[in-house]
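A.B. asks: Starting off with a structure, shown below.
The values are calculated or read from the model by the stated rules, or taken from the named source; none is laboratory data. This one's a predicted model, so the numbers in the text were calculated from it and none came from an experiment. Virtual Cβ from ideal backbone geometry, glycine too; neighbours counted across all protein chains shown. Side chains included, ligands, DNA and RNA excluded: accessible areas come from the protein's heavy atoms. Shrake-Rupley method; radii C 1.70, N 1.55, O 1.52, S 1.80 Å.
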Amino acid sequence: MPPRLSAVERIRAQIDELFASQQDLGEVLEEVARLSVRLVVQAAVEAEVTEFLGRERYARGERERAGYRNGHTELTVKTTAGPVVLERPKICGTTEPFVSRLLGKGVSRTNALEALVISGFVRGLSVRDVEAALAEALGPEAALSKSTVSRVCQVIKDEFDAWKTRDLSEVELEYLFVDGSHFRMHAGAPAEPVLCAWGVTTQGAPVLLGLAPGASEGHDPWAGFLGELVERGLRSPLLVITDGAPGLIGAVEVVFSNALRQRCLVHRARNLLAKVPKHAQAEVKQAFWQIFDDIDAEPGEQAVAEARRRAAAFAKRYRDRYPAAVACLTDTLPELTTFLRFPREHWARIRHTNLIERTFGETRRRVKVIGRLPGERSCLSLVWAVLDRASRGWRGVIMTPAGVRLLQELRRQLHHPSRLEGVVDQPVTTAA
């Protein structure tokens, strides 16, 4: 590679080389994401230098400001894609020092630009949109070559199209997590939900299963989404973990009628604390989690009974001061304790939907940079691109021999629902 190429040109060349290589597509996209962060930030810094000196690299003629470029020093910037090494330009012979507005002297993180480049690659899945997103923010110097942008967009489009129609008959689930998050997809329209499903297989491995737009989070959109997964071969899980949305709950009960359901404890804690004065929320929050944490009883009826005993103590303690908060707990206690019937080593993972919540938060952070996405397909592509990358780092669950036996027994019971009658729907009693 010629030594006189700028840092920006060298990064572009590395991206071109990656897409021309025969490496695994997943590895290529990961590395392109990291290089893209470098490209955008490096281009922005170089543009600052050009503005400061009033001329491009190696430009001759009248100078607007005394001084000249004199190499670079390395600077490491922390990003969610990992540490990124940049080349900070050194400027000599000036009457005043050059200080980057972007990096300053001690800046070590560039969330906004990182968000811009990652979302830009999948915004609309078109060369024009990607080039416009970068050029509008940083000028034409930040734009990738048309051939590289085109390859990036086409790769993402092909991968997403294949993923959303793939056969699911080989996926055997123990746990299914379903949740939705709202994104602004259309001009002049309110934010609309993207429905998401991911699971943990019988081998303990996490798997991202499906994404779809929904006009709402009502029963029909959820039933259609889950039904489409079943049509593609997905078998019923043992346990479905959801929030408290009535439409979602109703759809789960119809589509996966033989599965048990766990209500997300984190969502329910928020609901409960919303009914408590701010000055008491820390105390009540601690008491809420003490109901479910550190239960030593055996999984199954003993563990559920212990949680119910603790819930009764919670109700006795707070029913006079915060009756609405107590009702928020006791009215849904059976579906809050379902996870206790499963292997102990899985409890921390299957009692909430936090994993997908955090990843959706990361997606929203990236979308925020461009305001709104230009359409439904672009939104789904962005969410998929972020979730697909994130899911490679998700942890599954450990499958021990004892845990596998317990899961097998639960599956046998669920094939004969009469054995569970009166067990999962017992009402909670509060101490007098």
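A.B. asks: Residue check: is Arg395 surrounded by fewer than 17 Cβ atoms within 10 Å (Cβ to Cβ), under 17 Å from Thr201 (Cβ atoms) and modelled with pLDDT of 65 or more?
C.D. replies: It is true that Arg395 is surrounded by fewer than 17 Cβ atoms within 10 Å (Cβ to Cβ), under 17 Å from Thr201 (Cβ atoms) and modelled with pLDDT of 65 or more.
Per-residue answers, yes or no, for (1) without any contact (Cβ under 8 Å) to a residue 60 or more places away in the chain; (2) open to solvent by 20 Å² or more (accessible area, probe 1.4 Å):
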position	(1), (2)
Glu172	no, yes
Gly204	no, no
Glu217	yes, yes
Glu231	yes, yes
Ser257	yes, yes
Arg263	no, yes
Lys278	yes, yes
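A.B. asks: Right, next: With respect to Trp222, is the statement that it is open to solvent by less than 10 Å² (accessible area, probe 1.4 Å) and not in a strand (DSSP E or B) true?
C.D. replies: yes
A.B. asks: Related question: Find the residue count for region 343-381, including only residues that are at pLDDT 65 or above, farther than 18 Å from Tyr175 by Cβ and touching a Phe, Trp or Tyr at 6+ places or on another chain (Cβ under 8 Å).
C.D. replies: Final tally of qualifying residues: 3.
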